[in-house]
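K.L.:
Have a look at this one.
The values are calculated or read from the model by the stated rules, or taken from the named source; none is laboratory data. Bear in mind the structure is a predicted one, so any value in this text is a computation, not a measurement. Positions of Cβ are generated from backbone atoms using ideal geometry, with glycine treated the same way; all protein chains shown enter the neighbour counts.
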Amino acid sequence: MIMIAAPDRTALISRLQKDILQWEGYRPPPAGTNELMGLGPVESAFPNGVFPLGTVHELVCGNTEQATACGGFVTGLLSTLMQNGGACLWIGLAGNLFPLALRTFGVEPDRVIFITLTKDKDVLWVMEEALKCAGLAAAVCEVKEIDFKQSRRLQLAVEQSHVTGFILRNRSAKMGSTACAARWNIRSLPSGQRDGVPGLGCPRWQIELLRVRNGQPGSWIMEWSGGKFRQVDGQMVEQEKLMAG
Amino acid sequence: MQKRFMAIWFRHLTTDWLTLKKPELKNVPFVFVTPERNRIIITAANPVAEAQGVYSGMAAADAQAVTLNLQGLDHIPGKEARLLRQLGLWCIRYSPIVAVDLPNGLILDISGCAHLWGGEREYLKEIVNKLRLSGYDARAAIADTAGAAWAVARYGKKTPIIASGEQANALLDLPPAALRLEPPVLDKLQKLGFRTIKSFIEIPRTVLRRRFGEPFLLRLAQALGLGDEPLVPLIPPVPYAERLPCLEPIRTKTGIEIAIRTLLEDLCTRLRSEGKGVRKAILKCYRIDGKIVQAAITTNRGSHSVSHLSRLFELQISKIEPALGIELFLLEAPKVEDVAILQEKLWAGNPGLQDTALAELLDRLAGKVGASAIRRYLPAEHYWPERSIRPAVSLTEVPSTKWRLDRPRPLRLLRRPEPVEVMALLPDYPPKVFTYKGKRHVVEKADGPERIEREWWRDKGEHRDYYAVEDSDGQRYWLFRSGHYEASPQWYLHGFFA
């Protein structure tokens, strides 16, 4: 048996970990790509501290309100992905998304192509075809159920094309494991006041990373203000509560 | 072999066409008119009008003075050319070389064709009778040269068939206009007293050239057979279609795939050379049992790529039922369009909606889930929320107006607003509590009202007062009250904010 000195061993393990990340489809980020999506501390939860593009993310939604919150959060991410003229496919079951409101989150609604379907099977087929198409910036789909095998197929599709996929899981009965890079849970939170003006403030969400491949799960409060994400820390929430009385 | 030509003259081309289209005009004098130098000039008159002394080139005012209830219709530019092209294509059954002779004739190269109808006389009778039966007043003549046939068809008084080598004799008694000369030259001949061709045909060419110019001599030479006269033959459009007969009936999926590929390769080679692309293609499979099964594909943008089109057909193969076997495949492309040849980018950018890969993806999706499921939206200039967007016609259409940002709009808008029960403190205040689907929501914050009036010129009904509200859990809704608050108003939930 060959004895390895302690510092050598840690170096070896960290190198192995990096190799494993690469084999799993994570490419090491180019230098200076921190804060890619403007998500601040959320991005540091991911491996290498970079929001994984070219993978599939799933967002869990329990009801329509939550699904809308997820839609808003995803649209905010899309605004970054589509900023250099890319197009996006939005595959929906109900098809009641209002394109006009996408503009609020910085996405040009005419660059989004909506596909309205009724069956999960069709949605997943279309999603897989879309994720294989390298001409897209991103693809979003709303499904009820997705199993491990189907999510694996989607993951294999994006590994070729490097398109980013988002799956909004509406009212899923069971939450099995999937091959997605991250599982999110987004909930609406009471909005803060805008400079003491009564009425609704900027949309604010509780963002939970339930599961991250090779990363650290966590929970944050973010809001969409002035065309970008902004973290809201606990102190600010307390202060606002006090001010509101 | 001696060349023979036939000239057909349609005396009333456009008026005959209109009479065919509107039979009630048969016994009515009518003319086509067009404005020319501040006057209304007749361009064509029907036989009834001509019998009353109206001729083309006459001023319409004069014609109306001599004729009772003369109808004047607008001249249709380019109609003669289109009609002659149709008639010419029909005449290809009599001769492979048919040329349009504007404004009112056709010239056929009939060398070696007439004997198939039992001689030139029968041949000419057949064509003229068929044309007259179909409603066109036609006169025809046959001669060694196109020029002589043209002259005899219009001005000949004796026989319409000029024997080989006799064209000079036949022309002698005809007026100079039979030589297809320009009006100034005709005027000059008229002034000098040359009433027939006979009177100047013996004059030396040098003298004629000095007096009347080179074109005059060319026309004369063409009529006599001394000069060349090239015809521009009509070429009938070949439909974009390919056939593939099979020795053995095809029953397997692989067989059908190979057939589609073979057909597409032939079709795409032709399309590529003509710079066209398929927008719609239909595959017809003729089965042994006499039935025809079809599969159709459509594309968003013209394509002549074999791989893309065959992938589109692959999605349709499951709909083709071969039964006992398919013995003939027929691929038709009824809709093709010009394809712009794009310069490929040297380095990959992000082409967005103009991307070919995206267009091909959408074609495939349309083949599987139907084109109606795929939508893209553009802003419409309406305040009413349901009408503020409209579906885009094509992938390349750009918004004509800007997307509005000034008012809050929900990310999810219900197709039909759903009624909710509401408790409001004061009539015109935002609601304090509302119940949606049996769940009570306590409103903490609210914005509004934003009044949106109905477009009265489109539909009747009450206006809406919209409020954006947030409940105690931080969920945000878009509510509205229909109409004024005086009578017990109905409240609706119309959307969800992110």
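K.L.:
When the residues of region B:415-468 are narrowed to those that are among the acidic types (Asp, Glu) and crowded, with 17+ Cβ neighbours inside 10 Å, which ends up nearest to the chain's Cα centre (by Cα)?
P.N.:
Start the filter on region B:415-468 by keeping residues that are among the acidic types (Asp, Glu), which leaves B:418, B:421, B:428, B:444, B:447, B:450, B:453, B:455, B:459, B:462, B:465.
Next cut, crowded, with 17+ Cβ neighbours inside 10 Å only: B:447, B:465.
Working: B:Asp447: 54, B:Asp465: 49 Å.
Result: B:Asp465.
K.L.:
Given the conditions (1) within 30 Å of A:Met82 (Cα to Cα); (2) charged (D, E, K, R); (3) surrounded by 12 or more Cβ atoms within 10 Å (Cβ to Cβ); (4) facing chain A (nearest Cβ under 10 Å), and given that B:Asp363 satisfies all but one, which numbered condition is not satisfied?
P.N.:
Failed condition: (4).
K.L.:
Follow-up question, since we're still on this one. Check A:Thr104, A:Thr55 and return the single one that is β-branched (Val, Ile, Thr) and more than 19 Å from A:Arg183 (Cβ to Cβ).
P.N.:
On inspection, the qualifying residue turns out to be A:Thr104.
K.L.:
State whether the residues of region B:309-328 include one that is in a strand (DSSP E or B) and buried (at least 19 other Cβ atoms within 10 Å of the Cβ).
P.N.:
Yes; the residues of region B:309-328 include at least one that is in a strand (DSSP E or B) and buried (at least 19 other Cβ atoms within 10 Å of the Cβ).
K.L.:
Of (1) assigned by TED's automatic domain parsing to the domain that holds B:His484; (2) closer than 24 Å to A:Pro203 by Cβ; (3) under 58 Å from the mean Cα position of the chain (by Cα), B:Lys402 satisfies all except one. Which?
P.N.:
(1)
K.L.:
Still on this model: Considering region A:39-81 alone, what residues qualify as being at the interface with chain B (Cβ under 8 Å from one of its Cβ atoms) and among the small types (Gly, Ala, Ser)?
P.N.:
Listed by number, the residues that qualify are A:Ala67, A:Ala69, A:Gly71, A:Gly72.
K.L.:
Quick check, is B:Tyr436 of a type in the set (Phe, Trp, Tyr), under 27 Å from A:Arg103 (Cβ atoms) and assigned by TED's automatic domain parsing to the domain that holds B:Arg481?
P.N.:
When the stated conditions are applied, B:Tyr436 passes them.
K.L.:
Report yes if some residue within region A:106-121 is under 18 Å from the mean Cα position of the chain (by Cα) and within 7 Å of chain B (Cβ to nearest Cβ); otherwise report no.
P.N.:
Within region A:106-121, not a single residue is under 18 Å from the mean Cα position of the chain (by Cα) and within 7 Å of chain B (Cβ to nearest Cβ).
K.L.:
Further question on the same structure: Any idea which residue in region A:82-99 is nearest to A:Gln66 (Cα to Cα), counting only those that are facing chain B (nearest Cβ under 8 Å) and surrounded by fewer than 22 Cβ atoms within 10 Å (Cβ to Cβ)?
P.N.:
Out of the qualifying residues, it is A:Asn96.
K.L.:
Return the total of residues in region B:486-498 being out of contact with any strand residue (DSSP E or B) (no Cβ under 7 Å at 6 or more places or on another chain) and either at the interface with chain A (Cβ under 7 Å from one of its Cβ atoms) or closer than 15 Å to B:Ala446 by Cβ (or both).
P.N.:
1
K.L.:
Let me ask something else. Scan region A:25-62 for residues that are at pLDDT below 85, among the polar types (S, T, N, Q) and assigned to a loop (DSSP other than H, G, I, E, B) and report the count.
P.N.:
The qualifying residues number 2.
K.L.:
Here are some residues: B:Ala259, B:Ala295. Which one is under 30 Å from B:Asp355 (Cα atoms), assigned to a strand (DSSP E or B) and not basic (Lys, Arg)?
P.N.:
B:Ala295
K.L.:
Now for a different question. Tally time: how many residues in region A:113-128 are without any contact (Cβ under 8 Å) to a residue 12 or more places away in the chain and part of a helix (DSSP H, G or I)?
P.N.:
Adding up the residues that qualify gives 3.
K.L.:
Same structure, new question: Could you grab me the full set of residues in region B:470-485 that are farther than 20 Å from B:Pro385 by Cβ and at the interface with chain A (Cβ under 8 Å from one of its Cβ atoms)? Let's see the steps before the verdict.
P.N.:
Of all residues in region B:470-485, those farther than 20 Å from B:Pro385 by Cβ come to B:471-474, B:485.
Hits for region B:470-485 are B:Ser472, B:Asp473, B:Gly474.
K.L.:
Inside region B:482-498, can you point out the residues that are part of a strand (DSSP E or B) and without any contact (Cβ under 8 Å) to a residue 40 or more places away in the chain?
P.N.:
Here is the first cut: in region B:482-498, the ones part of a strand (DSSP E or B) are B:482, B:490-496.
Hit for region B:482-498 is B:Ser482, nothing else.
K.L.:
Could you name every one of the strands (runs of 3 or more DSSP E) located completely within region B:375-469 that has at least 1 residues being more than 9 Å from every other protein chain (Cβ to nearest Cβ) and among the β-branched types (Val, Ile, Thr)?
P.N.:
On the way: elements: B:389-391, B:412-424, B:431-436, B:439-452.
Correct list: B:412-424, B:431-436, B:439-452.
One line per residue, one yes/no per condition, for (1) within 25 Å of B:Pro322 (Cα to Cα); (2) outside the structural domain of B:Gly325 (by TED's automatic domain parsing); (3) of a type outside the set (S, T, N, Q):
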site	(1), (2), (3)
B:Pro236	no, yes, yes
B:Pro245	yes, no, yes
B:Thr252	yes, no, no
B:Ala259	yes, no, yes
B:Leu263	yes, no, yes
B:Leu267	yes, no, yes
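K.L.:
Could you please find all residues in region B:183-204 being in contact with a helix residue (DSSP H, G or I) (Cβ under 9 Å, 6 or more places away or on another chain), of a type outside the set (Phe, Trp, Tyr) and more than 16 Å from B:Ala168 (Cα to Cα)?
P.N.:
Of everything in region B:183-204, those that are in contact with a helix residue (DSSP H, G or I) (Cβ under 9 Å, 6 or more places away or on another chain), of a type outside the set (Phe, Trp, Tyr) and more than 16 Å from B:Ala168 (Cα to Cα) turn out to be B:Val185, B:Leu186, B:Lys188, B:Leu189, B:Gln190, B:Leu192, B:Gly193, B:Arg195.
K.L.:
So which of A:Leu131, A:Leu124 is surrounded by 21 or more Cβ atoms within 10 Å (Cβ to Cβ), out of contact with any strand residue (DSSP E or B) (no Cβ under 6 Å at 6 or more places or on another chain), at pLDDT 90 or above and more than 8 Å from every other protein chain (Cβ to nearest Cβ)?
P.N.:
From the options A:Leu131, A:Leu124, the qualifying one is A:Leu124.
K.L.:
State whether one or more residues within region B:330-343 are farther than 20 Å from B:Thr298 by Cα, at pLDDT below 90 and assigned to a helix (DSSP H, G or I).
P.N.:
No: region B:330-343 contains no residue that is farther than 20 Å from B:Thr298 by Cα, at pLDDT below 90 and assigned to a helix (DSSP H, G or I).
K.L.:
I need the full set of residues from region B:12-38 which are surrounded by 17 or more Cβ atoms within 10 Å (Cβ to Cβ), out of contact with any Ser or Thr (no Cβ under 8 Å at 6 or more places or on another chain) and assigned to a loop (DSSP other than H, G, I, E, B), in order please.
P.N.:
Of everything in region B:12-38, just one residue is surrounded by 17 or more Cβ atoms within 10 Å (Cβ to Cβ), out of contact with any Ser or Thr (no Cβ under 8 Å at 6 or more places or on another chain) and assigned to a loop (DSSP other than H, G, I, E, B), namely B:His12.
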